[in-house]
Structure formats: C-alpha cells, structure tokens
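Trainee: Take a look at the following structure, please.
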Amino acid sequence: MRNERLKWLLLSAVFAAVTAVFSQITIPLPLIPITGQTLAVGLAATILGSRYGTLAMIIYVLLGAVGLPVFSGANGGLQVLVGKSGGYIFGFILTAYITGLILEKTRFSFGWALVANHVGMVVTLVCGVIQLKYVLDIPWSAAVMSGGVSFLLVGVVKAVLAAWIGIKVRERLVSTGLVQVNKPTLS
Ligand SMILES: O=C(O)CCCC[C@@H]1SC[C@@H]2NC(=O)N[C@@H]21
C-alpha cells in the first residue's frame, strides 16, 4: 500500500518533468505560443487520474514559481505566473483535476478520455483568456480570439493524442502490474 502510493507520487514527479520538457516544444504566435504543455497535462490526467495528475501540475507550477526554467521558452519565475500566459499555467492544475475527475466518474476508456480531454482543453483556455485579458488590458473579443480561438484546432489534435496515448499507457501500466487501480480500465 505504502509502495503503491510511492509509485503514484513518483509518477506525479515524472509527469511534472515531462510537462517541463513538452513546454519547450513551441511554435511562436504573436501573443501566446503554441506549446506541447497541454498534451502533457492531458497525458498526466488520463494516466494518473485527478489526484496524482493534479499533484503533477502543482509540482510543475511550483518548480516554475521558484525560478526553474520549466515554462515555455525555458522561462521561470513568479513574473511568468503573473504575466500574460500565467492563466494557462494555473489552469493546468484545474484542467488536470477536472479531466481526471471526469474519467474517474465515468471510466478510463478512449471515448471518455476524448470527452475529458476536450473539456480540459476548454478549462485551460478559459483560465488563460481571463488572465490574458486583464494583464494586457485588451478587449474580451481580442483576448478570446488570440488567446482562445486560435488554439482550438491544435487543441483538438492534442486532446485526441492525450486520450489515445494516455489510455494506452495507463492500460500498459496496469496490465504489467506496475501500478494498481481500484477500477480496472474498461474499453
Ligand atoms: O508561458 C508558458 O509556459 C505558458 C504558455 C501557455 C500556452 C497556452 S496553453 C493553451 C494554449 N495552447 C497552446 O498550445 N498554447 C496556449
């Protein structure tokens, strides 16, 4: 039992690190870049569920808050969190929680993972748009278009990837006995 908990804690730390690496995959846009972060958040939640997926994101945000270069463009520090992209980063915590919770309340199948990851995408974008609007003091329409709508298409691609890869990895972790889950994965 204690070993099991330790494994999930270690996996949370691993996914915090994975998120830091995926943050460095960026395509620059005028205001906010396209990044691999949301794929990592979706994977963490789909594989680890709400509790440990959220923990992974809390570790990630704390690492960035103390100045480690884990955010996009190898940035770190509180100034990023209070800056134009901080809302997305805080949103990763809520996203991981809600995505994982949907899967726990339903089941860890590809279909539900698709639903959960799309809801998660919207949660991240809403959090991001709100902070973007107030930090840059721009109209809601500009914040929604440049901070939300412009990420929808790529967000769908990442949500599908997170659902597909996440469920496969979770199934493999369970079937090889690396981790135990209360509710076995159903397809
Ligand atoms: O500075 C950071 O590290 C945060 C960047 C946030 C990028 C956001 S996350 C949601 C949306 N989808 C993307 O691919 N990029 C933005």
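The values are calculated or read from the model by the stated rules, or taken from the named source; none is laboratory data. Keep in mind the model is a prediction, meaning the values are calculated, not measured. Ligands, DNA and RNA are excluded from the accessible area calculation, which covers all protein heavy atoms including side chains. Shrake-Rupley method; radii C 1.70, N 1.55, O 1.52, S 1.80 Å.
Trainee: To the nearest 500 deg cm²/dmol, what mean residue ellipticity at 222 nm is calculated for the chain from DSSP H runs of n ≥ 4 alone, each contributing -39,500 (n - 2.57), summed and divided by the residues?
Mentor: -24500 deg cm²/dmol
Trainee: Determine one quarter of the surface area of the Cα convex hull of the stretch 75-187, which equals its mean projected area, and express it in nm² to one decimal.
Mentor: Quarter of the Cα hull surface area: 8.1 nm².
Trainee: Amide H of Gln24: which non-local residues (sequence gap of 5 or more, or other chain) have their own amide H closer than 5 Å, using H built in the peptide plane?
Mentor: Sorted by chain and number, the residues that satisfy this come to none at all.
Trainee: If you average the alpha carbon positions of the stretch 7-69 and of the stretch 130-187, how far apart do those two centres end up, in angstrom?
Mentor: 11 Å
Trainee: Something else about it: Cα gyration tensor of the stretch 46-120, axes a ≥ b ≥ c as square roots of the eigenvalues: rounded (a/c below 1.5), prolate (a/b > b/c) or oblate?
Mentor: Working: a/c = 3.03, a/b = 2.36, b/c = 1.28.
Here the stretch 46-120 falls in the prolate category.
Trainee: From the backbone phi of the stretch 77-86, what are the Karplus-calculated ³J(HN,Hα) couplings (6.51 cos²θ - 1.76 cosθ + 1.60, θ = phi - 60°) in whole Hz, Gly and Pro given as x?
Mentor: For the stretch 77-86, the Karplus curve yields x, 5, 5, 5, 5, 9, x, 5, 9, x Hz.
Trainee: With the full set of protein chains in place, find how many percent of the accessible area of the stretch 1-151 is carbon and sulfur; take the probe as 1.4 Å. Intermediate values should be presented prior to the final figure.
Mentor: Details: 5160 of 6990 Å².
Exposed carbon and sulfur together represent 74 percent of the surface.
Trainee: Output wanted: per-residue J couplings in Hz (rounded whole) for the stretch 149-155, from phi through Karplus 6.51 cos²θ - 1.76 cosθ + 1.60, θ = phi - 60°, x for Gly and Pro.
Mentor: Each residue's phi maps through the Karplus curve to give 4, 5, 9, 5, 5, 5, x Hz.
Trainee: So with the 1.4 Å probe, I'd like the accessible area per residue for the chain, rounded to whole Å².
Mentor: 50 Å²
Trainee: In degrees from 0 to 90, rounded to the nearest 10, what is the angle of the helix 37-65 Cα long axis to the longest principal axis of the chain?
Mentor: Helix 37-65 and the main axis of the chain meet at about 50 degrees.
Trainee: If I ignore ligands, DNA and RNA and count only protein heavy atoms, how much of Glu171 is accessible to a 1.4 Å probe, in Å² to the nearest 10?
Mentor: About 60 Å², ignoring ligands and nucleic acids.
Trainee: Shape of the stretch 113-161 from its Cα gyration tensor (a ≥ b ≥ c, root eigenvalues): rounded if a/c is under 1.5, otherwise prolate when a/b > b/c, or oblate?
Mentor: Because a/c hits 1.5 or more and a/b exceeds b/c, the stretch 113-161 counts as prolate.
Trainee: Using a Gaussian network model on the chain with a 10 Å cutoff between Cα atoms, which of Ile130, Ile89, Ile58 fluctuates the most?
Mentor: Ile130
Trainee: If you don't mind, there's one more thing I want to ask. Sticking to Cα atoms, compute the Rg of the stretch 1-157 to one decimal and its Dmax as the biggest Cα-Cα distance, whole number, in Å.
Mentor: Both quantities, over Cα of the stretch 1-157: 15.1, 52 Å.
Trainee: Counting only residues 5 or more places away or on other chains, whose amide H sits under 5 Å from the amide H of Ile34 once H atoms are built in the peptide plane?
Mentor: Ile27, Leu29
Trainee: Using 0.36 nm per residue of separation minus the Cα-Cα distance, give me the extension gain between Arg172 and Val21 in nm, one decimal.
Mentor: 52.1 nm
Trainee: Turning to a different aspect of this structure: For the stretch 79-141, restrict the atom set to alpha-carbon positions and state the Rg and Dmax in Å.
Mentor: 13.7, 41
Trainee: Length gain on complete extension for the stretch Ala65 to Leu6, per 0.36 nm per residue less the alpha carbon to alpha carbon distance?
Mentor: Working: separation 59, 0.36 × 59 = 21.24 nm, distance 2.45 nm.
Contour length minus Cα-Cα distance gives 18.8 nm.
Trainee: Taking the chain as a Gaussian network, where each spring joins two C-alpha atoms under 10 Å apart, which residue of Leu132, Leu48, Leu161 fluctuates the most?
Mentor: The residue that fluctuates most here is Leu161.
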